Structure formats: C-alpha cells, structure tokens
Amino acid sequence: MDKNFKSFLKEVFGKYSTDLSGQVSQAFPALSAVDPDSFAISAVTVDGEVFEQGEVSRDFTIQSISKAFSFALALEQHGSLFVESKVGMEPTGEDYDTIIKLDDKNRPFNPMVNSGAIVMSGLINPREKATREEELLDYFGKFAGRSLKIDEETYRSENENGHKNWAIAHLLRHFNILTKEYREVLDLYFKQCSILVNTHDLALMGATLANDGQNPITGIKCLSSENLRHVLSILFTCGMYNYSGEWAFDVGLPAKSGISGGILLVVPGVLGMAIYSPRLDKRGNSIRGIKVSEELSDRFQLHVLDYTRKKARIN
Ligand code: GLU
C-alpha cells in the first residue's frame, strides 16, 4: 500500500533537511549537547506497517511526551473520576513550566503542564512491578513494544538544574497537593522525562493510541477505550504548549511535543507518527516537526474535524 505516503515522507524529509532554523533547548546541559541537525520521521500504521526516513534509530530523551503516557497510566490505575479530582482539563495559555497556577478546585490546570504532570507522577503506584519507576518504565515499554531505559546523565542534569520544577514541587507540597513524599515524586518525574526513545518507538507508541490502545505489533492492550479518549482529548487541546490552539486549528490531530525536539502525532484509526528534529521555535516545538505535520494533515486531509474527510486514508 501507500506509495503516496511513502513518497510524501521522502519528499518532506528532503524538503526540510536543509531547514536549519531554530535552536536546540538550553533548558539544561544534557539537552543542549545534542546534534542540532538530526532529523528523523517514523510512521506506524494500525496494521503494523512501518514507513521511515532519516536517523530513526537515534535515541533522544522523551521529555514532555512522557506526560501523555503517565497520564494514561494514572487513568488506568485510578479511573478518570479520581484523576479529575487531582488535575483539571483546561489549557493554561501559559508556559509549560509556569511556576504554579491552580484552578478554583485547587488543581493544576491540566496534566500536560509540569505542575499537572508532576501530580500525575505522584499517582503512579507499583502494581505489576516492585517500584514506581519500574512500573512506569514497564508501562511505557508496552506502548513501544520493547523495554526502555532512563538516560542517567539527563536525569542527573535535570535533577541538578531543574530549579523551576523543584519550585513547583515545593509549592504543590505547600498547597498540600503533594504529600511529604514530594521529593520522590519529582524524582520520578525527572526520570520519566529522561527515558530514551527514538522515532520508531514513538511512532509505535502513537500507533498504539491510534489503534484503540492496542499495540499493533505485540497485540498488547495498553489502555481502555474510555481512557484512550481522555488521553487523546487532552493531547488535542493541550499537547503542543502554547501553540495548542493554533495546532488544533491548522493540523487538527492529537499530538504531544517535547523540548528535546520530538513530536508524536496520532491519526485515530490510521497511524501514529513521530518526528525528531531538536531545533525549536520560541514555544518549544520542533520547527521541522511542525512543518512536516502541517503538510501531512493538508496532503491527506487528516484534520479530525474536516467535514470533507470521509475516512482518513494515507494512500
Ligand atoms: N523535563 C522537562 C521539564 O520538566 C520537560 C520539558 C518539556 O519537554 O516540555 O522541564
């Protein structure tokens, strides 16, 4: 199938290979040390078919894309009513690491900003595994279809330099949103951001979200249809930092971005896709990632609210 999709990937990869605009994140030393010009695109369909271009085996840290999956795990472990009592579902219009903004129910605004994501990390319990860290790694690995590991250097770099995240954790403790274990919770959050993935992994993780929560390669069901809907809804409204509204308008797909330069996109019922290119725009999104996504959505009429989109096809 899908000569068109294959040639589309080749074409956009070639077209944007020479686009070297933007800067890699300077948030902390381990992030700024990456090769700025790396570029990779992977897509995995719900039938398990794979299309790729570029450095698809190059590992990078998952960063904020992890928030989609820790939110999914919190939903799976506790159910949505309980999770919603701890975090709102409203975009903030503010930076992802804004010190703290709570809603009228004393909750962080949503699980995709750092304060909400740290609260989600605090909900992860060891159920199938001995520790919270193993539980989380195991869960992420079910989406990726292989066991994943933490990049120790990035984890240490985040821990030592993540003063804003420490401030957020202290304030969450101050407001009694986190318990006295808040240091361990933040530690888990730093670790989840430091998990190594490549675009192949992320595309398969996206394909699992596109395929009713079932990994199309391993067949493992990772989350219920109801929780999947919750995850995709929040990715649609809050997944792309302060660009989420414009992204919904232009691209119209659930997605999540990370400051290491990854973007994960979900075309429900069709495919998962990942782009890696660490040069970012001022909101923290991969510049080449945004451009490729816009062309993808246009070319194959993938905007989920497009009336003319009969049934999304990639051929
Ligand atoms: N570990 C980073 C932080 O918490 C993640 C940032 C991101 O990718 O948005 O600040």
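Look through 239, 258, 289, 284 and report the one residue that is touching a strand residue (DSSP E or B) at 6+ places or on another chain (Cβ under 9 Å), within 19 Å of residue 51 (Cβ to Cβ) and within 16 Å of the ligand (Cβ to nearest atom).
Numbers: 239 fails: within 19 Å of residue 51 (Cβ to Cβ); 258 fails: within 19 Å of residue 51 (Cβ to Cβ); 284 fails: within 19 Å of residue 51 (Cβ to Cβ).
Of the residues listed, the single one that is touching a strand residue (DSSP E or B) at 6+ places or on another chain (Cβ under 9 Å), within 19 Å of residue 51 (Cβ to Cβ) and within 16 Å of the ligand (Cβ to nearest atom) is 289.
I need the full set of residues from the range 252-289 which are surrounded by fewer than 24 Cβ atoms within 10 Å (Cβ to Cβ) and β-branched (Val, Ile, Thr), in order please.
The answer is 270, 287.
Identify all residues within the range 161-194 that are away from the ligand (no atom under 11 Å from the Cβ) and touching a residue at least 60 places away in the same chain (Cβ under 8 Å); write none if there are none.
167, 171, 172, 175, 177, 178, 182, 185, 188, listed by residue number.
Given (1) farther than 28 Å from residue 35 by Cα; (2) at pLDDT 95 or above; (3) under 17 Å from the mean Cα position of the chain (by Cα), where does residue 80 come up short, assuming only one miss?
Only one criterion is unmet by residue 80, namely (3).
Are any residues in the range 94-123 in a loop (DSSP other than H, G, I, E, B) and more than 16 Å from the ligand (Cβ to nearest atom), and if so, which ones? Before the answer, list the steps.
We begin by selecting, within the range 94-123, every residue in a loop (DSSP other than H, G, I, E, B); these are 94-101, 103-107, 109-113, 122-123.
Scanning the range 94-123 gives 103, 104, 105, 106, 107, 123.
How about the range 290-315: which of its residues are among the polar types (S, T, N, Q), at pLDDT 90 or above and outside any helix (DSSP H, G or I)? Reasoning before the result, please.
Kept after step one, since they are among the polar types (S, T, N, Q), are these residues of the range 290-315: 293, 297, 301, 308, 315.
Now drop any that are not at pLDDT 90 or above, which leaves 293, 297, 301.
Once the filter is applied, which keeps residues that are among the polar types (S, T, N, Q), at pLDDT 90 or above and outside any helix (DSSP H, G or I), the range 290-315 yields only 301.
Among the listed residues 302, 280, which satisfies the condition of being within 24 Å of residue 192 (Cα to Cα) and over 15 Å from the mean Cα position of the chain (by Cα)?
On inspection, the qualifying residue turns out to be 280.
The values are calculated or read from the model by the stated rules, or taken from the named source; none is laboratory data. Quick caveat, the model's predicted, so the values are computed rather than measured. Reconstructed Cβ throughout: ideal geometry from the backbone, glycine too, with neighbour counts over all protein chains shown.
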